[in-house]
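Enquirer: Below is a structure I'd like to ask you about.
The values are calculated or read from the model by the stated rules, or taken from the named source; none is laboratory data. Owing to the predicted nature of the structure, the values given are computational and were not obtained by experimental measurement. Neighbour counts run over all protein chains shown; Cβ positions are idealised from the backbone, glycine included. Heavy atoms of the whole protein, side chains included, go into the accessibility calculation; ligands, DNA and RNA do not. Shrake-Rupley method; radii C 1.70, N 1.55, O 1.52, S 1.80 Å.
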Amino acid sequence: MRVFSYVVSHDTGFAPNPFHGCCTLACCKPRIRRCAKVGDLIVGLSRRSTGIVYAMRVDRCMTFAGYWAEPAFASKRADWLGRTEVERAGDNIYEPMADGAFRQVRSRHSNLDGSENTKLKRRDLSGEGVLVGQQFTYFGGEPHPLPRELAFLEIGRNHRSRFTAQQREAVDRWFVGLPPGVRGKPAEWPVGDESWRE
């Protein structure tokens, strides 16, 4: 088991996406998505690494084509004209095309006019896949204070994944004791939209 820690710079409910019964990381953090395996733990920290935005155990590593095609994840497709922020925050945004390429649907990573943002598309797809976690805790805009015994998770830029066996075991013990599911709304969330509660 490996542990990855990084700072969630934009907590919008998009990356990670903790909705519809599982936590997914389909966009942003391409290096983590390329390296993480089933059983690994991912810990997303708040700015300055003072709190924990979310933690998830990787249960599946999927291709973008598989993520789009699997009916269980149809609810994670972005619906920019949807009634709720949960619908608009969908991270299942890469539709496979007949030529093997992908179309970026209108989402948080497209341009304001709905056209493809080629820079973000290239970065997202360089991650090569989607991480899915059925076991997760998402605190969102009210991060859980980083326990003193896990101070080694602190990070400035990029991510950290080189931890000792004792440190990995400490993170695993802590993770097992967390309350599951969505515990709060994302930091960048419209006032009055309660769809995050599902």
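Enquirer: Taking the criterion of being modelled with pLDDT of 95 or more, among the hydroxyl-bearing types (Ser, Thr, Tyr) and open to solvent by less than 40 Å² (accessible area, probe 1.4 Å), would at least one residue in region 112-134 satisfy it?
Expert: Within region 112-134, not a single residue is modelled with pLDDT of 95 or more, among the hydroxyl-bearing types (Ser, Thr, Tyr) and open to solvent by less than 40 Å² (accessible area, probe 1.4 Å).
Enquirer: Considering every residue within region 83-90, establish whether at least one is crowded, with 21+ Cβ neighbours inside 10 Å and without any contact (Cβ under 8 Å) to a residue 40 or more places away in the chain.
Expert: yes
Enquirer: List, please: which pairs have Cβ atoms under 7 Å, are six or more places apart or on different chains, and start with a residue in region 105-131 that is on the phi < 0 side of the Ramachandran plot and end with one that is of a type in the set (Asp, Glu) and open to solvent by less than 40 Å² (accessible area, probe 1.4 Å)?
Expert: Qualifying pairs under 7 Å: His109/Asp124.
Enquirer: So which residues in region 112-169 are among the hydrophobic types (A, V, I, L, M, F, W, C), over 18 Å from the mean Cα position of the chain (by Cα) and closer than 18 Å to Val53 by Cα, if there are any at all?
Expert: From region 112-169, those among the hydrophobic types (A, V, I, L, M, F, W, C) are 112, 120, 125, 130-132, 136, 139, 146, 150-153, 155, 163, 165; that's our starting set.
Filter once more, so that each one left must be over 18 Å from the mean Cα position of the chain (by Cα): 112, 146, 150-152, 163, 165.
Matches in region 112-169: Leu146, Leu150, Ala151, Phe152.
Enquirer: Further question on the same structure: Mind listing whichever residues of region 1-37 are under 19 Å from Gln167 (Cα atoms), open to solvent by 10 Å² or more (accessible area, probe 1.4 Å) and in a loop (DSSP other than H, G, I, E, B)?
Expert: Met1, Arg2, Lys37
Enquirer: What single numbered condition from (1) closer than 19 Å to Ala89 by Cα; (2) more than 17 Å from the chain's Cα centre (by Cα); (3) at pLDDT 95 or above; (4) of a type outside the set (Val, Ile, Thr) fails to hold for Glu198?
Expert: Glu198 satisfies every listed condition except (3).
Enquirer: I've got another one for you. When region 40-64 is examined, which residues are found to be part of a loop (DSSP other than H, G, I, E, B) and either aromatic (Phe, Trp, Tyr) or open to solvent by less than 20 Å² (accessible area, probe 1.4 Å) (or both)?
Expert: Within region 40-64, the first condition is being part of a loop (DSSP other than H, G, I, E, B), and the residues that meet it are 40, 46, 50, 58-59, 63.
Passing the criteria: Asp40, Ser46, Val58.
Enquirer: Would you mind telling me which numbered condition in (1) at pLDDT below 95; (2) surrounded by 15 or more Cβ atoms within 10 Å (Cβ to Cβ); (3) not acidic (Asp, Glu) Pro190 fails?
Expert: Here Pro190 meets the rest and fails (2).
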